[in-house]
Each structure stands twice: as C-alpha cells, then as structure tokens.
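These notes concern the structure reproduced below.
The values are calculated or read from the model by the stated rules, or taken from the named source; none is laboratory data. Being a predicted model, the structure only gives us computed values, none of them experimental. Cβ atoms come from the backbone with ideal geometry, glycine included; neighbour counts cover every protein chain shown.
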Amino acid sequence: MKIIENGDLKYIQFDNINKTGIVRHFFSTRCGGVSEGEFCSMNLSFTRGDKSENVIKNFEIMEKETGINYKNIVMSRQTHTTNVHIVTKDDIGKGVTVENDLENTDGLITNEKGIAITTFSADCVPLFFVDTENKVIALAHAGWRGTVNGIALETVKKMTENFGTKPENIVAAIGPSIGKCCFQVDMPVVSEFMDKIENAKRFIEKDTEEGKFKIDLWGVNAFLMEKAGILKENIEITDLCTMCNPELFYSHRVMGNARGSMVAVMELI
Ligand SMILES: [Zn+2]
C-alpha cells in the first residue's frame, strides 16, 4: 500500500493490485479536493449534503490522476448487509447521473470493462478483490456488521458462482478503516463476533476502560478471506487507521454525521 501525493492531492493504491496490470483503482483521502467546511476537501459522496458540483469536480480531479472516468461509476445504497450485486453496463451512472436503485447493497462485482465499481466508507473497512485469471473485480463495504456476517465470504462465493473464479487466483486488499487501536465496542458486539467467527478471541482484547473491548476488523476480514480460499500472500492489509489520522481521513466516530466520505473505486482495463 502506498499514499500517492501530487500537490495537495493524496490517495491510496495497493501494490499487489497494481501488479495485476488489469485494473485502475484508488482509495481516496480527504486531501486535495474543492469541497468546503465539514466536507473539506475531497468528499466523493453525493448523499451527505455537499454541493453536487463540488463532488463532480472532485471526481474529475481523481479522473485526471487515475484515468477512471467518473461517468463510468456505479454506486449502491450501502446498509451494512452482506448483499452483493453483479454490475453490468445497465447500472452505469447509478448514484451519479441516474437514480440509484441498488438498495441494501454492500458489495459490487463486475467482469465488464468500462464500469467503475465503488464502496464508500469513513471508518468501515473497504475490501478489494481481483480475479486475475477470469478478470473479475469486486469491492465490498465491511463495517463491523458486514465483517461479522461475512461479506468477505459472500463476495468470493458470488464471484465463484457467477464467473467461475478460483479463490487462489484472487488478489485482495483490506483498505484504511478504524483500526484495532481505536475500534472500541461493548459486550453485545463482542458476543456476536464470538458466536459467528471461529476462535474470535484472537481478534479481541480488553480495553483499559471497564466493560469495553477492542476488535481487529482487519484481522477478521483477512481471516475470512483466507477461509474463502484466498492465499495469505495475496492479501495486502493496510496499516492506516481512519480515526488516528484526521488530517488524512473522514472518521464517523470522530466527526459524526457532519463529514464527507472516502471512496474505493476499481475498474477493469
Ligand atoms: Zn486508531
């Protein structure tokens, strides 16, 4: 993973995904855009109250930098489900130029070129998947609910069922999100991880605050990716926490609803 800088602009790319040579991709930061106030400055969400013309300008800045045309973009309405949608050309522009009817959808998959799939987040974990053999890509939004309910497994399953993906051919990445340093939770969340994730203890530690715990969402998602058959050496994991780096990222836990959103974008070339 590296942070690429060009003037004020900063964005993130994964080395293993770049090495596949078959996609363009990025994960945005909040740096280098034109949005103001709480959206300062690289907000890429149309649904948080920012001016649309500023969001479009921000996408155009990213297009110049990465070659991903924002007119190819498909957005979904993320609601912390494990629902994964297969995207086709018919979906292009959803959430941008046409109404977004991809309700309750937290993962997107496509095998078509010229479609830029997206996942929005501001503490939740963005997951990237590239099948280098069959040329299929996927992005998933894994907050703690999506993580514990296995959206990583669901995404790989859908890639296999629909496109014959072999998990050993997948190159994957786990993007910036709230880290184990900051993801403090109560007992009910811990119980859910203990119920649903094998040997979940290894990902949970007691916090210094009484009755609170911390969970390693990167670790759980990496475990689930491996459980799905992805090779450990093909999984690149971020070390950037969205809560520890407020100059770089919007964080829901730090900023509440008065914030912009980062986005992961990926397109087959
Ligand atoms: Zn942190």
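Step by step: first the residues of region 5-35, then only those that are in contact (Cβ under 8 Å) with a residue 60 or more places away in the chain and in a strand (DSSP E or B), then the one that is farthest from Ala138 (Cα to Cα). Which residue is that? Among those residues, the one meeting the criterion is Lys10.
Taking the listed residues Lys57, Lys64, Lys51, the one that is more than 18 Å from the chain's Cα centre (by Cα) and under 18 Å from Met266 (Cβ atoms) is Lys64, with no other qualifying. Scanning region 29-69 for residues that are of a type in the set (A, V, I, L, M, F, W, C) and closer than 22 Å to Cys244 by Cβ turns up Cys31, Phe39, Cys40, Met42, Leu44. Selection of region 253-264 for residues being out of contact with any Cys (no Cβ under 8 Å at 6 or more places or on another chain) and within 13 Å of the ligand (Cβ to nearest atom) yields only Val254. For region 216-232, the condition holds for at least one residue, the condition being that it is closer than 23 Å to Ile170 by Cβ, modelled with pLDDT of 95 or more and among the acidic types (Asp, Glu). The residues on offer are Gly114, Gly146, Gly150, Gly93, and the sole one that is farther than 20 Å from Arg24 by Cα and surrounded by fewer than 24 Cβ atoms within 10 Å (Cβ to Cβ) is Gly150. The residues in region 180-201 that are more than 16 Å from the ligand (Cβ to nearest atom) and either within 21 Å of Met262 (Cβ to Cβ) or among the acidic types (Asp, Glu) (or both) can be counted, and the count is 4. Residues in region 153-179 that are crowded, with 17+ Cβ neighbours inside 10 Å and either closer than 30 Å to Lys206 by Cα or within 16 Å of the ligand (Cβ to nearest atom) (or both): Glu154, Ala172, Ala173, Ile174, Gly175, Pro176, Ser177, Ile178, Gly179.
Against the condition in a helix (DSSP H, G or I), modelled with pLDDT of 95 or more and either of a type in the set (Ser, Thr, Tyr) or within 21 Å of the chain's Cα centre (by Cα) (or both), how does Met159 come out, does it pass? Against the criterion (in a helix (DSSP H, G or I), modelled with pLDDT of 95 or more and either of a type in the set (Ser, Thr, Tyr) or within 21 Å of the chain's Cα centre (by Cα) (or both)), Met159 qualifies. Residue pairs whose Cβ atoms lie under 6 Å apart, sitting 6 or more positions apart in sequence or on different chains, and linking a residue in region 176-191 that is touching a residue at least 40 places away in the same chain (Cβ under 8 Å) and closer than 22 Å to Asp239 by Cα to a partner that is of a type in the set (Ser, Thr, Tyr) and near the ligand (Cβ under 8 Å from one of its atoms), are Pro176/Thr242; Ser177/Thr242; Ile178/Thr242.
Test Gly67 against the stated conditions and say whether it is in contact with a strand residue (DSSP E or B) (Cβ under 6 Å, 6 or more places away or on another chain), touching a residue at least 12 places away in the same chain (Cβ under 8 Å) and surrounded by fewer than 23 Cβ atoms within 10 Å (Cβ to Cβ). Judged against the criteria, Gly67 is a match. For the criterion of being away from the ligand (no atom under 14 Å from the Cβ), hydrophobic (A, V, I, L, M, F, W, C) and farther than 15 Å from Gly143 by Cα, Ile237 passes.
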